[in-house]
Amino acid sequence: MTKKKILFVCLGNICRSPAAEGIMKKFVAQNNLDNIIEVDSAGTMGYHTGEGADPRMKRHAKNRGYDLTSAARRFDPKKDFPNFDYIVTMDDQNFADINSLDNEKKFHNKIFKMASFCKNHDIAEVPDPYYEGSEGFEYVLDILEDGCGNLLNKIKNEIDK
Ligand code: 4NP
């Protein structure tokens, strides 16, 4: 079976997308789909490249049972567009930035907004928690659990077909 590959994308790759990666990896493991679904994350900017996730996000995620272990990297259009099946952006700016890197509009069918998978949150974007307090991080985790759960169900349906 061909693998399904998911890449979560935010601005810095230290708050929202590594949290989405950690949540989805846990959901994938709980569904025994590790051999079929691959999960990664990246940022549209390279400012934090090599850094672990923001300690505040790590702490809030850990309290819910998610280990955030990845190091930040910048989205690489040459490699990432062909490699991933679902490129899931967090906010409208990330979505616009990733689309603008897709010069020939070859990959636009792979580019999604995380909010589009949410069922329990009527939102257009996953807000940047970087300048927020604890509630901001908890809110982002609520949104990401909602979106990741539904995205995984969608992928499971596609695999079954
Ligand atoms: P993220 O949050 O995009 O969810 O990783 C941010 C992290 C760092 C910065 C902005 C947003 N920053 O400007 O350094």
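The values are calculated or read from the model by the stated rules, or taken from the named source; none is laboratory data. Model, not experiment: these values are computed from the prediction. Backbone-built Cβ (ideal geometry, glycine too); neighbour counts: all protein chains shown. Surface accessibility is based on the protein's heavy atoms, side chains included, excluding ligands, DNA and RNA. Shrake-Rupley method; radii C 1.70, N 1.55, O 1.52, S 1.80 Å.
Observations on the model:
- Count - residues of region 45-66 that are away from the ligand (no atom under 13 Å from the Cβ) and either of a type in the set (Lys, Arg) or surrounded by 15 or more Cβ atoms within 10 Å (Cβ to Cβ) (or both): 4
- Scanning region 130-141 for residues that are part of a helix (DSSP H, G or I), within 15 Å of the ligand (Cβ to nearest atom) and open to solvent by 50 Å² or more (accessible area, probe 1.4 Å) yields GLU138, TYR139.
- Selection within region 116-129: residues that are more than 14 Å from the ligand (Cβ to nearest atom) and of a type in the set (A, V, I, L, M, F, W, C). The member of this set that is most open to solvent (accessible area, probe 1.4 Å) is ALA124.
- Residue in region 97-106 that is within 16 Å of the ligand (Cβ to nearest atom), of a type in the set (D, E, K, R), surrounded by 15 or more Cβ atoms within 10 Å (Cβ to Cβ) and assigned to a helix (DSSP H, G or I) present: yes
- Condition met for LEU68 (assigned to a loop (DSSP other than H, G, I, E, B), among the hydrophobic types (A, V, I, L, M, F, W, C) and over 18 Å from TYR139 (Cβ atoms)): no
- Hits in region 1-39 - residues which are more than 16 Å from the ligand (Cβ to nearest atom) and of a type in the set (Lys, Arg): LYS3, LYS4, LYS5, LYS25, LYS26
- Taking each residue of region 1-29 that is part of a helix (DSSP H, G or I) and looking for partners that are within 14 Å of the ligand (Cβ to nearest atom) and among the hydroxyl-bearing types (Ser, Thr, Tyr) with beta-carbon atoms closer than 8 Å, six or more apart or interchain, yields SER17/SER41; PRO18/SER41; PRO18/SER70; ALA20/SER41; GLU21/SER41; GLU21/SER70; GLY22/SER70.
- Residues considered: ALA42, ALA72. Of these, the only one that is within 12 Å of the ligand (Cβ to nearest atom), in contact with a His (Cβ under 6 Å, 6 or more places away or on another chain), at pLDDT 95 or above and not basic (Lys, Arg) is ALA72.
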